[in-house]
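I have placed the structure first, in the form of structure tokens, so that the comments after it can refer back to it.
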């Protein structure tokens, strides 16, 4: 079960190794301690406690080495404990860990902002500011949009996920587990239908234009375009089930926004930094957002997020209106600079495309063998399968949970997702070896066969 290292992997053997059942005895002991110290509202996909990770594997306290198809939810794109990231962070720790950029600034913050201004879509003049999390970036993008336009309404979409704060919970579509019991929610947020090809009533070939026309009609009639500050959308819906909007939908929404003075916010928190085979997912159809939010893969696991956008929009906000104590922490900034170097050095956009070229045919073959797989979708290294009751499109969350459990028991870390809880999503590190990737797919196929 061994495999050769590639790219950012090299410190740990890149192999699946099971020494105990999953979870093992030490992980079960830690789980008991956790139950006495941590509220149950903080969930975990897999109760194994990690002591090490590198490239495409994570190692637990019992010595088991699991293949990682989760990347900490699309965070460790350059691999866990990437050597260049670790080196930059260690050097920064020796100098200083915090001054607060709003008190005494430092160059690395400016360097990250310059880099994001350069690499995000569009050749217009841009500005960037840094915060701590994807939810905080989304909150700030909406805040900026309302300030810059003088309007209040914000439009989000079905199946969208934008975070767990009050406003971002409001923007998020799914009730359980994200919203249940946490209301009342923020005002002036409206939800529109998403172009979901697999579930569009008149078929995937009609989905893009029909969904766009329906959204535009509802915005115009129910809200009034002149009242809308921003439309926010994930170029590929993440927690909603890796739904890739039908072709033409995103450009049509972008065109409507431009024609009506509405700011388009692309939430690229999960899709950014080479994950989909482009540096940013909205580039696939040439969509240029007014504001783009990034996090997750930006800093190799350190807390960092950003809002990047048109200079004429961001420059409107008064001094002191943006910021936060920890936003753009110097350790995270150094990590981000290393991540951007690694993406370019290892050509991880091409690597993501190669992962998709390996995964999609194998998953489609699996779908041909098991009629419980209703849809195979995704781009690059952001791939999913949707599970249904055979012969129908009825969601099958029970089978989804069972397949995930069997994968976990066999040493493959996979994640579930979807509005209906019936999607298996795959987010391998972009540096995973092809051997390890194929072995993970073998484990998945065995779970279905069982």
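The values are calculated or read from the model by the stated rules, or taken from the named source; none is laboratory data. Worth saying up front: this structure is predicted, and the values here are computed from it rather than measured. Please note: Cβ atoms are built from the backbone with ideal geometry, for glycine as well, and neighbour counts cover all protein chains shown.
At least 1 residues that are under 25 Å from residue 81 (Cβ atoms) and in contact with a strand residue (DSSP E or B) (Cβ under 6 Å, 6 or more places away or on another chain) in each: list the strands (runs of 3 or more DSSP E) lying fully within the stretch 348-444 that qualify.
Details: elements: 373-379, 382-387, 415-417, 423-426.
Answer list for the stretch 348-444: 382-387, 415-417, 423-426.
The single residue among 237, 215, 195 that is in contact (Cβ under 8 Å) with a residue 24 or more places away in the chain and over 21 Å from the mean Cα position of the chain (by Cα) turns out to be 215. Could you go through the stretch 220-230 and let me know if any residue there is out of contact with any helix residue (DSSP H, G or I) (no Cβ under 6 Å at 6 or more places or on another chain), over 30 Å from residue 414 (Cα atoms) and assigned to a strand (DSSP E or B). Yes, there is a match, as at least one residue in the stretch 220-230 is out of contact with any helix residue (DSSP H, G or I) (no Cβ under 6 Å at 6 or more places or on another chain), over 30 Å from residue 414 (Cα atoms) and assigned to a strand (DSSP E or B).
Determine if the stretch 249-272 includes at least one residue that is in the same structural domain as residue 200 (by TED's automatic domain parsing), modelled with pLDDT of 95 or more, assigned to a loop (DSSP other than H, G, I, E, B) and surrounded by fewer than 18 Cβ atoms within 10 Å (Cβ to Cβ).
Yes, the stretch 249-272 has at least one match.
With respect to the stated conditions, residue 303 fails to be within 30 Å of residue 256 (Cβ to Cβ), crowded, with 17+ Cβ neighbours inside 10 Å, in contact (Cβ under 8 Å) with a residue 60 or more places away in the chain and within 19 Å of the chain's Cα centre (by Cα). Tell me whether the stretch 148-158 contains one or more residues that are farther than 24 Å from residue 335 by Cβ and either part of a helix (DSSP H, G or I) or not assigned by TED's automatic domain parsing to the domain that holds residue 250 (or both). Yes - at least one qualifying residue is present in the stretch 148-158. Does the stretch 159-168 contain any residue that is more than 21 Å from residue 303 (Cβ to Cβ) and touching a helix residue (DSSP H, G or I) at 6+ places or on another chain (Cβ under 6 Å)? Checking the stretch 159-168: not a single residue is more than 21 Å from residue 303 (Cβ to Cβ) and touching a helix residue (DSSP H, G or I) at 6+ places or on another chain (Cβ under 6 Å). Among the criteria (1) surrounded by 19 or more Cβ atoms within 10 Å (Cβ to Cβ); (2) over 18 Å from residue 231 (Cα atoms); (3) touching a helix residue (DSSP H, G or I) at 6+ places or on another chain (Cβ under 8 Å), the one residue 324 does not fulfil is (1).
Against the definition (farther than 22 Å from residue 134 by Cβ and part of a loop (DSSP other than H, G, I, E, B)), how does residue 215 come out, yes or no?
Numbers: farther than 22 Å from residue 134 by Cβ: yes; part of a loop (DSSP other than H, G, I, E, B): no.
So residue 215 does not fit the description; no.
If you check residue 173 against the conditions, is it in contact (Cβ under 8 Å) with a residue 60 or more places away in the chain, surrounded by 15 or more Cβ atoms within 10 Å (Cβ to Cβ) and not in a loop (DSSP other than H, G, I, E, B)? Lay out the reasoning, then the answer.
Working: in contact (Cβ under 8 Å) with a residue 60 or more places away in the chain: yes; surrounded by 15 or more Cβ atoms within 10 Å (Cβ to Cβ): yes; not in a loop (DSSP other than H, G, I, E, B): no.
No.
Evaluated against (1) touching a helix residue (DSSP H, G or I) at 6+ places or on another chain (Cβ under 8 Å); (2) within 30 Å of residue 72 (Cβ to Cβ); (3) surrounded by fewer than 20 Cβ atoms within 10 Å (Cβ to Cβ), residue 122 falls short on exactly one condition, (1).
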